[in-house]
Structure formats: C-alpha cells, structure tokens
Amino acid sequence: MLRRVVASRLHLTPRAAAVGQGGLLVALGAASGRAASGRRGAGAIGGLLVAAVALPYAVVVARHAPYADDPVGRRRWLVDSTWSAPNTIAGAAFLLHQLARGNRGLPGRSRGSGSIWLERQAIAGFATTVGVVKAGSNDRVDAHEDVHVLQARLLGPLYLPLVGLDYALATVLPFWLLGRRDGPPIRSVRDYFLRGVYREVWHERWAYAASSSGAAPPAATTSRWSRRRWSAPAAPATPRPNPPTMRQV
C-alpha cells in the first residue's frame, strides 16, 4: 500500500529525495542503536554515526538527482530508504571515502538512473558498486553493476551479510578447485581471489549471467563446477574492437 501511494502521489524533487532519505537513514541508525542496547543514549550515538555519512550523502543525492520523479524512481527511492537502507548507508560511507580520495561524481550519468556514478575506479582495473554508488563504471560493464544494485534492493538487509558469508566460505572451503584442470594458473594469493574466489561467489555468478546471457566471465575457471554452472550455447562470432581491460565487482 505504501509503495503504491509513494509511486502515484509523492512529488519527488531532488531536494525532497535528499532530505527524506537522509532523515530516514538517521532515524534507522538511532532506532538500531537503541534496539541493540535498550538505552536511549545508544540510539543517539547510532543516529550521530549514521548522520556522519548520511548527511554528506544527502547533499550528493540533491546534486545528482538519481531518483526520477516517476513511479519507478519513487519506488527505488522508497526501497533504498527503508528495506535496503543498510546497503544505502554502506554506499554512503563508500561515497564519502571516495570523495575524500579525490574521486568525482558524475551528475549527468547519475540523473534519473537510480544510481550515483563516480568518475574513477576505487580499485585499479575494477568497477565497484556499493549500495547504489558505482565507482568507475562505464557503458560496457554497467549492466553487470546494475545487477548488484538490484541484488541489494531485493535482499535488503540480508544482502551484505550473504555476500560476506559466501566470500568467507569460498575462501576457506575452495569448492571451486574441485576438478580444476586447465584454468588460469594460481600462483599467488591475488590469483587465488581473482581467478578463483571472486568468480565463484553467488552474487558475481548472478551478475555475470544476467548481464551476459549466461556466458562465463573472462578467463573463468574450467573446473567441473564452473563448466556446469556457466555452460551456454555458442553464438556466432562478431568482429569488434577490443575494449579496455575492466573487471566488474
């Protein structure tokens, strides 16, 4: 019911989106702090901690206007401000960190897209998405990054814990090594994560599958597990120029 009212009646200007979202995030921080300890003072501390990242984030929302004033934009705003608020807070912290490092926002790309775009990559060679904040995305990889935004909106407060749990399991229990024969060699800790763990966690499999019609990520492992999960019918080759190297996260 609330979603219908918001989608049909709320007039969502950039300033209204920023003020409303910032206020809801701070209120959530205060409520979470009080619920965790049962003390009113803890609620105030929780609210202040969230406010430290949510208020600068609200300024960026006002300037970049990522939420369109239409039913889709209003639903996105409502989900990001409530059910997916923990992911939005994480994205706000990520945004603040990137701005402090000199990264710049891209208001033209952000406007009405449902995401906040940053110009440079947070990690060299990788596009990275936290919440709705995308660092270093481009037209070639943005479909992949959009899947991560969707995952956060669908799973809400469960998203980041599930991602962390899967990374931990794939690191400690490397099931992806079973039957691995002719994949790229793993000679270092970096190779272990980039050529193994990263390509096998559930949210990356989902994002690659949804953004590339089920094709495997570049240089994927060739274990029996990977072949079974990533098999897709061959398509006719189409000549095209080689794009710059970019991984998606």
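Rounded, prolate or oblate for region 13-166? Axes are the square roots of the Cα gyration tensor eigenvalues, ordered a ≥ b ≥ c, and the cut-off for rounded is a/c under 1.5.
It is prolate, given that a/c is not under 1.5 and a/b is the larger ratio.
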So for R0 = 25 Å, FRET eff. of Leu55-Leu150 from the Cβ-Cβ r, to 0.05, ends up at 0.40
By the mean-Cβ-within-10 Å protection proxy, highest first, 107-113, 71-77 rank as 71-77, 107-113
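FYI, it's all coordinate maths here, none of it is from the lab. Please read all numbers here as calculations on a predicted model, not as lab measurements. Backbone-built Cβ (ideal geometry, glycine too); neighbour counts: all protein chains shown.
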